[in-house]
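*Asks:* Let me begin by handing over the structure; questions about it come next.
The values are calculated or read from the model by the stated rules, or taken from the named source; none is laboratory data. In this text the structure is predicted, and so the values were computed from the model without any measurement. Here the Cβ positions follow ideal geometry from the backbone for every residue, glycine too, while neighbour counts run over all protein chains shown. For accessibility, only protein heavy atoms count, side chains too; no ligands or nucleic acids. Shrake-Rupley method; radii C 1.70, N 1.55, O 1.52, S 1.80 Å.
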Amino acid sequence: MEKDPPVFNKPKVELHVHLDGAIKPETILYFAKKRGIHLNVDTVKDLEESIRCKEPYSLTEFLTKFSIYMPAIAGDREAIRRIAYEFVEMKAKEGIIYVEARYSPHFLANCGVHPIPWGQKKGDVTPDEVVSLVNRGLKDGEKDFHIKARSILCCMRHMPSWSPEVVELCKKYQNDSVVGIDLAGDESICAETCSEHRKAYEEAERCGIHRTVHAGEVGAPQVIKEAINILKAERIGHGYHVFEDESLYQQLLKDAMHFELCPWSSYLTGACKMEFSNHPCIRFKKDRANYSLNTDDPLIFCSSIHTDYKIARDSMGFTEEEFKRININAAKSCFLPEKEKKELLYKLYEAYDMVKSTEF
Ligand SMILES: [Zn+2]
């Protein structure tokens with residue numbers, strides 16, 4: 001799939017991609033070796049085999065994939081900085097000119113986090129330092145690869161005790177790479193019942209931190225309602241199951257709610273069990289909804305942004321015009337400050353030959 005020429009070889013915007021699901025296999029092996037961590041695999045090929053999702057898995061099975069390689073990266077300053085830097089390089093090569101990378105700072109820490117993730121020994125890398133390291137990696141990448149990269153910090157549904165710190169980190173690093181907050185993980189855990197998530201989102205709203213929520217990926221429309229009404233989400237991660245509640249969908253369509261769609265991911269995680277020719281993306285397209293196409297976790301899905309665009313073109317009838325429209329929508333719905341958003345939009349209009357002569 002990757003050998004074909006890119007389907008939409010023009011500047012693009014990506015809003016939903018996990019930093020810890022977009023690491024180069026070579027980098028994982030390098031740090032595992034350097035740190036003496038045994039991953040039970042020695043070659044890139046074996047590592048890819050053990051990590052990569054090639055057939056539909058349950059979302060829970062998919063989440064176990066992270067535990068294979070995260071021990072090689074978490075808790076190591078150089079590794080954390082490097083994955084952020086290489087992430088920008090990877091996205092620049094894919095023709096992405098603006099990307100929002102999301103991650104849980106706690107999952108990359110080995111100190112000041114309870115429990116310490118991935119069976120690590122206690123060290124001295126705190127979630128706060130993780131954010132600062134990622135920021136440095138992203139900034140170095142921006143300088144070298146000439147694209148813009150920002151980040152979104154993730155709360156995890158099963159770890160409500162981390163959420164107060166997540167929002168504090170969003171505040172501390174607001175306008176310094178961090179532009180938003182997310183809630184990721186198992187949707188069967190209701191955010192409404194976890195007051196820490198709710199409070200974190202209230203604080204985010206109060207401080208002008210942008211908000212997105214993984215909702216309706218595998219969960220019911222109720223999870224989307226909760227994301228919007230209680231967590232005041234401005235974008236919805238995935239949201240495929242919105243179609244089980246037509247009136248909710250009509251309301252969100254009217255409100256121009258942005259849906260961060262990830263077609264290839266939705267197939268491999270089993271979030272969408274239907275054929276691509278009958279995928280929710282098609283309804284969003286038909287209704288000219290506000291949505292974007294994204295990779296989610298390219299390492300695990302053995303993919304790049306071109307995979308998702310190719311599926312959209314070949315199996316869902318997407319045209320060049322629709323690709324332009326959704327990237328413009330992604331830019332309009334991104335979490336950059338207004339002025340930078342305008343600049344990004346202008347770049348897209350220019351690249352798509354859509355600059356009106358009257359604007360000069
Ligand atoms: Zn995601």
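*Asks:* Place +1 on the Cβ of every Lys and Arg and -1 on the Cβ of every Asp and Glu in the chain, take the dipole about the Cα centre, and give the residue among PHE335, ASN278, LEU108 whose Cα lies farthest towards its positive end.
*Replies:* It is PHE335, whose Cα lies furthest towards the positive end.
*Asks:* Hey, another quick one. With the Cα gyration tensor of the chain in hand, convert its eigenvalues to equivalent ellipsoid semi-axes via √(5λ) and list them largest first in whole Å.
*Replies:* Ellipsoid half-lengths, sorted descending, are 29, 23, 22 Å.
*Asks:* Got a sec to turn the phi values of the stretch 309-321 into Karplus ³J(HN,Hα) couplings, 6.51 cos²θ - 1.76 cosθ + 1.60 with θ = phi - 60°, whole Hz, x for Gly and Pro?
*Replies:* 5, 5, 4, 4, 6, 7, 10, 10, x, 6, 10, 4, 4
*Asks:* May I ask which of LYS24/LYS122; LYS232/LYS341; LYS24/LYS254; LYS172/LYS225; LYS93/LYS285; LYS12/LYS45 have a Cα-Cα span longer than 31 Å here?
*Replies:* Flagged as over cut-off: LYS24/LYS254.
*Asks:* Just check the stretch 32-114 against the gyration tensor rule for me: Cα atoms, a ≥ b ≥ c as the square roots of the eigenvalues, rounded for a/c under 1.5, and otherwise prolate or oblate depending on whether a/b exceeds b/c.
*Replies:* Working: a/c = 1.31, a/b = 1.07, b/c = 1.23.
Rounded, since a/c falls under 1.5.
*Asks:* Okay, next question. Using the Cα centre of the stretch 26-116 as the reference point, and only Cβ charges (+1 on K/R, -1 on D/E), how large is the resulting charge dipole? Debye, rounded to the nearest 20.
*Replies:* Charge dipole, the stretch 26-116, about its Cα centre: 240 debye, nearest 20.
*Asks:* Please give me, ordered by residue number, the GluC sites (Glu not before Pro) of the stretch 259-357 that lie in loop per DSSP and have at most 11 other Cβ atoms within 10 Å.
*Replies:* On the way: sites: GLU260, GLU275, GLU320, GLU321, GLU322, GLU338, GLU340, GLU343, GLU350; in loops: GLU275.
Filter output for the stretch 259-357: GLU275.
*Asks:* Leaving ligands and nucleic acids out of the surface, order TYR30, TYR98 by accessible area at 1.4 Å, largest first. Provide the component values of the computation, followed by the final result.
*Replies:* Details: TYR30 100, TYR98 0 Å².
So, going from the largest accessible area down, we get TYR30, TYR98.
*Asks:* Still on this structure: Which one of LEU133, PHE66, SER195 is farthest out on the positive end of the charge dipole of the chain, using unit charges on Cβ (Lys, Arg +1; Asp, Glu -1) and the Cα centre as origin?
*Replies:* Projecting each Cα onto the dipole axis, the largest value belongs to LEU133.
*Asks:* Can you send over the carbon and sulfur percentage of the accessible area for the chain, probe radius 1.4 Å, protein chains only?
*Replies:* Details: 7760 of 14940 Å².
Ligands and nucleic acids excluded, carbon and sulfur reach 52 percent.
*Asks:* Out of the trypsin sites (Lys or Arg not before Pro) in the stretch 60-146, which ones are loop residues according to DSSP with at most 15 other C-beta atoms within 10 Å? Walk me through the numbers on the way to the answer.
*Replies:* Numbers: sites: LYS65, ARG77, ARG81, ARG82, LYS91, LYS93, ARG102, LYS121, LYS122, ARG136, LYS139, LYS143; in loops: LYS65, LYS121, LYS122.
The qualifying sites are LYS121, LYS122.
*Asks:* Mean separation of Cα pairs under 8 Å and 6+ residues apart, divided by the residue count of the chain: what relative contact order is that in percent?
*Replies:* Over the chain, the number comes to 19 percent.
*Asks:* If you take every residue apart from GLY112 with its C-beta less than 13 Å away from the C-beta of GLY112, what net charge results, scoring Lys and Arg +1 and Asp and Glu -1? Spell out each step's value before the answer.
*Replies:* Values: positive: LYS122; negative: ASP124, ASP128, GLU129, GLU165, GLU168.
Result for the local shell: -4.
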